[in-house]
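*Asks:* First the structure, then my questions, so here it is.
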Amino acid sequence: MKNILVIGANSTIAHAISRQCAVEKANLFLVGRDPERLLANASDLKMRGATRVETVVADLADHKTHQKYFEKAIAEFGFLDEVYVVHGFLGDQVKAKTQLPLALEIAEVNYLSVLAMSTALVPLAESNKIGSVAIFSSVAGDRGRYSNYVYGSAMAGKSALISGLRAHLSHRGVHVMTVKPGFVDTRMTADFKKGPLWASPEKVAEDVISSLQKQRNICYTPGFWKLIMMIIIHIPERIFKKLKL
Amino acid sequence: MKYSSWGQLSKVDSTQGLSLQENAKNLVIGNLRSYGDVCLNQSGHVIDSKVFDNLLSFDDKNKILTAESGITFDELLKFLVPRGYFLPVTPGTRFVTLGGAVANDVHGKNHHVAGNFGNHIEWLDLERSDGSKWRCSRSENPELFHATIGGMGLTGFIRRVAFKVISVQSSQIDAETIKFKSLSEFFAINEESKHFPYTVAWVDCISNANGKAKGCGLYFRGGHSEHGELKVHGAPKLSVPVQMPSFALNPLTMRLFNFAYYNQTQAPLKKSTQTYQQFFYPLDGINHWNRGYGSKGFYQFQFVLPFSAGVKAFEPIFDAITLSGQGSFLAVLKTFGSIPTEGMMSFPMEGITLALDFQNKGQDTLRLLQRLESMVVEAGGRLYPAKDAMMAPETFLKTYPYLSEFLRYKDPNITSDFFQRVIARI
């Protein structure tokens, strides 16, 4: 019975991951902000087969909260086989370009909160309390683009953070994987028009869980994004800056 | 976001959100399997209930399952079947949401013994646009309970539903298929089949001779097997990838289909064991089958006539459909039983119901349907809002006697294109 910590458990993708873990009878520890959603999600996971489900309500933008829920998770389960860090906030790029509070919020929730989380994670990883970790970044972090650079830059910082953590913790036998989804049909993207490149949360969850088990370093999901981004990052800057990608 | 309903007669555009807004034209939508405009909300604000799709609890002693309204019957079956349970009532597709099933008070092949889905609900939780929350059941807020069942989503946001399930020994169905050559044969077989929990007929709505409909078809009846394993279905394997050109469905191809379909069995009676997918959801096996009707879409027309009007009233309507040559090959015939509905606005009544598609050929189709509509009304029958895209306001007023009572419970900030087209104009 695996012990699994899901941070940002109310997110569509996180719940898809939790559901697939529940079917495998995992013990789940969920951290989320909306208490009503958390309870409903926990009930669902118990129905689907989870052996145990514990929950903690937390605002992940509160930097002091990470220490607290990690402590509770370790107290409940002792050892965390897998940790999924899934929370994120898209924000409105058009507004964020000029509105200071929104721009900062995008950076706080997407990057700074994960940095804060890492300061609580590292000591636990170093003292053999953690098996492996999957942290969600995004293809948007592979290059700062015209259409969403505020979010993209937070993701770029996060990708570098995760990469560094991977190197550091690999010396301790703890695997850290970067997850880079492309377009996924979730609550966060409800307003977008969907097309053939869009993936379901269930497909992403499947990819992430199996990639973590195979100890991959970077998981582009779906896989074709690796090729797309390879092309995008190699477009010479003098051309790229003229595009409105 | 832009979307259309299953009949694809039109596309609407609306904003989207996660909760009812005050002073807005809200509508909560499910999986958009209704055919007409009961789930459309042009220039309004829609809430996609599918986001809220959690299973919540299962009381296996009393066989009561509770879930959020956005979960589909497909997902419910994946939970229930392996545990030896089944849905109490199911429509012809499993891709409806729980909320949608309540809002349309859906019925199925077992109406004559089990009534509608609403008959099996223990309670539901409703949220209204003023922020109020209501637990509704036969004893708590009963009027709101009866207004919400079959209430087309107009009373509020159905959040959670608790309903009774049935026990089954296996996921198989012991089925029988009987050929019939005329409507009177259908009614005779139907009389003899009342003890079967599930009965329905496919009827040929195209073949005719000497100015009268042939009325031949296949009668399907069955019940849950005592033997066999409890196995869940797989995903649909076939798909209609793009809109078919409208000439793909024409009298010739439909005649060919009808001939092949009717003659799939040579014997007058054939027994078989089917999976529940095969018996209940044959069309679900083809993704996007509605695209087969082409880009102009199609009307689905379903009516019920009371037994008091009888076969005498049914036959001229059936003749009119068949002789028009416009009916499609997917035509379902069934009799409804006498279990009273729980919803003020529920469609079924004890009598004969026929449901079929009409490819949208513009004015010709509309005129035919209006003629059929008046024949149905004259015989004391009515049409089904979940399927309707054309009925007149006067028809609705005349045939749904609890309308004014129902409107007392309508949420002032919820509306739908059906409401605007039919009810608001009364």
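The values are calculated or read from the model by the stated rules, or taken from the named source; none is laboratory data. Predicted model, so just to flag it, every value in this text is computed and none were measured. Heads up, the Cβs are rebuilt from the backbone with ideal geometry, glycines too, and the neighbour counts pull from every protein chain shown. For accessibility, only protein heavy atoms count, side chains too; no ligands or nucleic acids. Shrake-Rupley method; radii C 1.70, N 1.55, O 1.52, S 1.80 Å.
*Asks:* Name the pairs whose Cβ atoms lie under 6 Å apart, with the first residue in the stretch A:14-30 and of a type in the set (S, T, N, Q), the second open to solvent by less than 10 Å² (accessible area, probe 1.4 Å) and assigned to a helix (DSSP H, G or I), and 6 or more positions between them or separate chains?
*Replies:* Final answer for the pair search is A:Ser18/A:Leu45; A:Gln20/A:Ala205.
*Asks:* Only one of B:His227, B:His233 is open to solvent by less than 60 Å² (accessible area, probe 1.4 Å), over 19 Å from the mean Cα position of the chain (by Cα) and over 30 Å from B:Ile352 (Cβ atoms); which?
*Replies:* Numbers: B:His227 fails: open to solvent by less than 60 Å² (accessible area, probe 1.4 Å).
Criteria check complete, one pass: B:His233.
*Asks:* Look at A:Gly152 and say whether it is open to solvent by less than 10 Å² (accessible area, probe 1.4 Å), away from chain B (no Cβ under 14 Å) and out of contact with any Asp or Glu (no Cβ under 7 Å at 6 or more places or on another chain). Write out each step before concluding.
*Replies:* On the way: open to solvent by less than 10 Å² (accessible area, probe 1.4 Å): yes; away from chain B (no Cβ under 14 Å): yes; out of contact with any Asp or Glu (no Cβ under 7 Å at 6 or more places or on another chain): yes.
The answer is yes for A:Gly152.
*Asks:* In the stretch B:336-345, what residues are open to solvent by 10 Å² or more (accessible area, probe 1.4 Å) and either polar (S, T, N, Q) or within 19 Å of B:Gly36 (Cα to Cα) (or both)?
*Replies:* Passing the criteria: B:Ser338, B:Thr341.
*Asks:* Among the residues of the stretch B:270-292, which ones are modelled with pLDDT under 90 and either touching a strand residue (DSSP E or B) at 6+ places or on another chain (Cβ under 7 Å) or over 15 Å from B:Leu77 (Cβ atoms) (or both)?
*Replies:* Residues of the stretch B:270-292 that are modelled with pLDDT under 90, as a first pass: B:282-292.
Scanning the stretch B:270-292 gives B:Pro282, B:Leu283, B:Gly285, B:Ile286, B:Asn287, B:His288, B:Trp289, B:Asn290, B:Arg291, B:Gly292.
*Asks:* With the requirement that a residue be out of contact with any Leu (no Cβ under 7 Å at 6 or more places or on another chain) and crowded, with 19+ Cβ neighbours inside 10 Å, what does the stretch A:60-75 give you?
*Replies:* Hits for the stretch A:60-75 are A:Leu60, A:Thr65, A:His66, A:Tyr69.
*Asks:* Now for a separate question. May I ask you to list pairs of residues, at least six apart or on different chains, whose Cβ atoms are under 7 Å apart, with the first in the stretch B:355-373 being modelled with pLDDT under 90 and the second being open to solvent by 40 Å² or more (accessible area, probe 1.4 Å) and assigned to a helix (DSSP H, G or I)?
*Replies:* Listed pairs, sorted by first residue: B:Gln359/B:Ser246.
*Asks:* Moving on to the next point. Exactly one of these conditions fails for B:Asp411: (1) touching a helix residue (DSSP H, G or I) at 6+ places or on another chain (Cβ under 9 Å); (2) at negative phi. Give me its number.
*Replies:* (1)
*Asks:* Still on this structure, please answer the following. Give all pairs with beta carbons closer than 9 Å in which a residue from the stretch B:54-66 that is within 11 Å of chain A (Cβ to nearest Cβ) and hydrophobic (A, V, I, L, M, F, W, C) meets a residue that is open to solvent by 70 Å² or more (accessible area, probe 1.4 Å) and part of a strand (DSSP E or B); count only pairs at least 6 apart in sequence or on separate chains.
*Replies:* Every condition considered, the pairs that remain are B:Leu65/B:Lys164.
*Asks:* Follow-up. Can you name the number of the only condition in (1) part of a loop (DSSP other than H, G, I, E, B); (2) aliphatic (A, V, I, L, M); (3) without any contact (Cβ under 8 Å) to a residue 12 or more places away in the chain that B:Met152 fails?
*Replies:* B:Met152 satisfies every listed condition except (3).
*Asks:* Return yes or no: is B:Leu238 open to solvent by 40 Å² or more (accessible area, probe 1.4 Å) and in contact with a Phe, Trp or Tyr (Cβ under 9 Å, 6 or more places away or on another chain)?
*Replies:* Details: open to solvent by 40 Å² or more (accessible area, probe 1.4 Å): yes; in contact with a Phe, Trp or Tyr (Cβ under 9 Å, 6 or more places away or on another chain): yes.
Criteria met by B:Leu238.
*Asks:* If you don't mind, there's one more thing I want to ask. In the stretch B:229-267, what residues are polar (S, T, N, Q) and under 24 Å from B:Leu218 (Cβ atoms)?
*Replies:* Applying the first criterion (polar (S, T, N, Q)) to the stretch B:229-267 yields B:239, B:243, B:246, B:250, B:253, B:258, B:263-266.
Once the filter is applied, which keeps residues that are polar (S, T, N, Q) and under 24 Å from B:Leu218 (Cβ atoms), the stretch B:229-267 yields B:Asn250, B:Thr253, B:Asn258, B:Asn263, B:Gln264, B:Thr265, B:Gln266.
*Asks:* What do you reckon, is B:Ala162 part of a strand (DSSP E or B) and either charged (D, E, K, R) or in contact (Cβ under 8 Å) with a residue 12 or more places away in the chain (or both)?
*Replies:* Details: part of a strand (DSSP E or B): yes; either charged (D, E, K, R) or in contact (Cβ under 8 Å) with a residue 12 or more places away in the chain (or both): yes.
Taking the combined requirement at face value, the residue satisfies it.
*Asks:* Which of the residues belonging to the stretch B:316-333 are touching a strand residue (DSSP E or B) at 6+ places or on another chain (Cβ under 8 Å) and either at pLDDT below 85 or open to solvent by 10 Å² or more (accessible area, probe 1.4 Å) (or both)?
*Replies:* Residues of the stretch B:316-333 that are touching a strand residue (DSSP E or B) at 6+ places or on another chain (Cβ under 8 Å), as a first pass: B:317-319, B:321-323, B:326-328, B:330-333.
Answer for the stretch B:316-333, where residues must be touching a strand residue (DSSP E or B) at 6+ places or on another chain (Cβ under 8 Å) and either at pLDDT below 85 or open to solvent by 10 Å² or more (accessible area, probe 1.4 Å) (or both): B:Asp319, B:Leu323, B:Gln326, B:Gly327, B:Ser328, B:Leu330, B:Val332.
*Asks:* So, in the stretch A:1-59, of the ones that are under 21 Å from B:Leu65 (Cα atoms) and in a strand (DSSP E or B), which residue ends up least open to solvent (accessible area, probe 1.4 Å)?
*Replies:* A:Val53
*Asks:* Can you tell me which residue is farthest from the chain's Cα centre (by Cα) among those in the stretch A:136-149 that are among the hydrophobic types (A, V, I, L, M, F, W, C) and crowded, with 24+ Cβ neighbours inside 10 Å?
*Replies:* From the stretch A:136-149, those among the hydrophobic types (A, V, I, L, M, F, W, C) are A:136, A:139-140; that's our starting set.
Among the residues that remain, those that are also crowded, with 24+ Cβ neighbours inside 10 Å are: A:136, A:140.
Numbers: A:Phe136: 3, A:Ala140: 13 Å.
In this case the residue turns out to be A:Ala140.
*Asks:* Within the stretch A:104-118, track down each residue that is surrounded by fewer than 21 Cβ atoms within 10 Å (Cβ to Cβ) and in contact with a Lys or Arg (Cβ under 9 Å, 6 or more places away or on another chain).
*Replies:* A:Leu115, A:Ala116
*Asks:* Taking the condition of being more than 14 Å from chain B (Cβ to nearest Cβ) and within 19 Å of the chain's Cα centre (by Cα), how many residues in the stretch A:48-63 meet it? Steps first, please.
*Replies:* Quick first cut of the stretch A:48-63, residues more than 14 Å from chain B (Cβ to nearest Cβ) only: A:51-52, A:54, A:56-63.
Keeping just the survivors that are within 19 Å of the chain's Cα centre (by Cα) gives A:56-63.
Adding up the residues that qualify gives 8.
*Asks:* Look at the stretch B:324-375 and say how many of its residues are among the β-branched types (Val, Ile, Thr) and part of a strand (DSSP E or B).
*Replies:* Step one: list which residues in the stretch B:324-375 are among the β-branched types (Val, Ile, Thr), which gives B:332, B:335, B:339, B:341, B:352-353, B:365.
So of that shortlist, the ones also part of a strand (DSSP E or B) come out as B:332, B:335, B:352-353.
Looking only at that region, the number is 4.
*Asks:* Considering only the stretch B:83-106, I want to know if a residue exists there that is within 14 Å of another protein chain (Cβ to nearest Cβ), closer than 24 Å to B:Thr275 by Cβ and among the aliphatic types (A, V, I, L, M).
*Replies:* The initial filter retains those residues of the stretch B:83-106 that are within 14 Å of another protein chain (Cβ to nearest Cβ), namely B:83, B:85, B:98.
Then drop every residue that is not closer than 24 Å to B:Thr275 by Cβ, which leaves B:83, B:85, B:98.
Within this subset, residues satisfying the condition of being among the aliphatic types (A, V, I, L, M) are B:98.
Yes - at least one qualifying residue is present in the stretch B:83-106.
*Asks:* Within the stretch B:245-303, which residues are in a helix (DSSP H, G or I) and of a type in the set (Val, Ile, Thr)? Steps first, answer last, please.
*Replies:* Step one: of the stretch B:245-303, the residues in a helix (DSSP H, G or I) are B:246-248, B:251-262, B:276-280, B:283-285, B:289-293.
Selection gives B:Thr253 alone.
*Asks:* So B:Lys50 passes all but one of these: (1) open to solvent by 20 Å² or more (accessible area, probe 1.4 Å); (2) in contact (Cβ under 8 Å) with a residue 24 or more places away in the chain; (3) more than 20 Å from the chain's Cα centre (by Cα); (4) within 12 Å of chain A (Cβ to nearest Cβ). Which condition number does it fail?
*Replies:* Going through (1) open to solvent by 20 Å² or more (accessible area, probe 1.4 Å); (2) in contact (Cβ under 8 Å) with a residue 24 or more places away in the chain; (3) more than 20 Å from the chain's Cα centre (by Cα); (4) within 12 Å of chain A (Cβ to nearest Cβ) one by one, B:Lys50 breaks only (3).
Conditions tested, residue by residue: (1) surrounded by 23 or more Cβ atoms within 10 Å (Cβ to Cβ); (2) over 24 Å from B:Ala309 (Cβ atoms).
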position: B:Phe347; (1), (2): yes, no
position: B:Lys361; (1), (2): no, yes
position: B:Arg367; (1), (2): no, no
position: B:Lys398; (1), (2): no, no
position: B:Pro401; (1), (2): no, no
position: B:Ser404; (1), (2): no, yes
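*Asks:* Residues in the stretch A:37-47: is at least one of a type outside the set (A, V, I, L, M), away from chain B (no Cβ under 12 Å), touching a residue at least 24 places away in the same chain (Cβ under 8 Å) and farther than 22 Å from B:Arg83 by Cβ?
*Replies:* Just the residues of the stretch A:37-47 that are of a type outside the set (A, V, I, L, M), to begin with: A:37, A:41, A:43-44, A:46.
Among the residues that remain, those that are also away from chain B (no Cβ under 12 Å) are: none.
Looking through the stretch A:37-47, none of the residues is of a type outside the set (A, V, I, L, M), away from chain B (no Cβ under 12 Å), touching a residue at least 24 places away in the same chain (Cβ under 8 Å) and farther than 22 Å from B:Arg83 by Cβ.
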